[in-house]
Amino acid sequence: MSPADRLLTWLIRANAAVLLCAAVPVFFPTEMMAEMHQRLGLGTLARDRLTEYLTRSASACYAMHGAVIPCIIIEPHNPGPVGPGHAISIGSG
C-alpha cells in the first residue's frame, strides 16, 4: 500500500470516528439541545415534536453512517462482495 493510500485510509477512519460522535446527541434531553442551539448563536430552538424527531434522527443517521464506513474500508483494495453493511448504507442514504 502506497503512502497516499495509507493516508486516505486513515482520513476515512478519522471521518468515521467523528461521525460516530453523533450517536451521543441522540440521547440528549430536549432542554440540553435547546441550550446548545442558543449558545451556538442559532436562536431559539422550535419546541415541537417534528423538530425533536428531526434532530434525533439526523444524529442517528450520521452515527449509522460512521458505523458503516469502517465495515466498507476494512480492505480498501479488495472490497469483496456487497454485504449487509452496504445494504444498510444504501437503504438509509
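Every number here is computed from the coordinates shown, using simple stated rules; none is lab data. Keep in mind the model is a prediction, meaning the values are calculated, not measured. Here the Cβ is made from the backbone with ideal geometry for all residues, glycine too, and neighbour counts use every protein chain on show.
Within segment 1-32, restricting attention to residues that are in contact with a Lys or Arg (Cβ under 9 Å, 6 or more places away or on another chain) and closer than 14 Å to THR51 by Cβ, which residue is surrounded by the most Cβ atoms within 10 Å (Cβ to Cβ)?
If we take residues in segment 1-32 being in contact with a Lys or Arg (Cβ under 9 Å, 6 or more places away or on another chain) and closer than 14 Å to THR51 by Cβ, then PRO25 is surrounded by the most Cβ atoms within 10 Å (Cβ to Cβ).
Which of the residues belonging to segment 36-52 are closer than 21 Å to ALA63 by Cβ and surrounded by 11 or more Cβ atoms within 10 Å (Cβ to Cβ)?
MET36, HIS37, LEU45, THR51, GLU52
Using the structure shown, decide if ARG56 is charged (D, E, K, R), surrounded by 11 or more Cβ atoms within 10 Å (Cβ to Cβ) and closer than 24 Å to ILE72 by Cα.
No.
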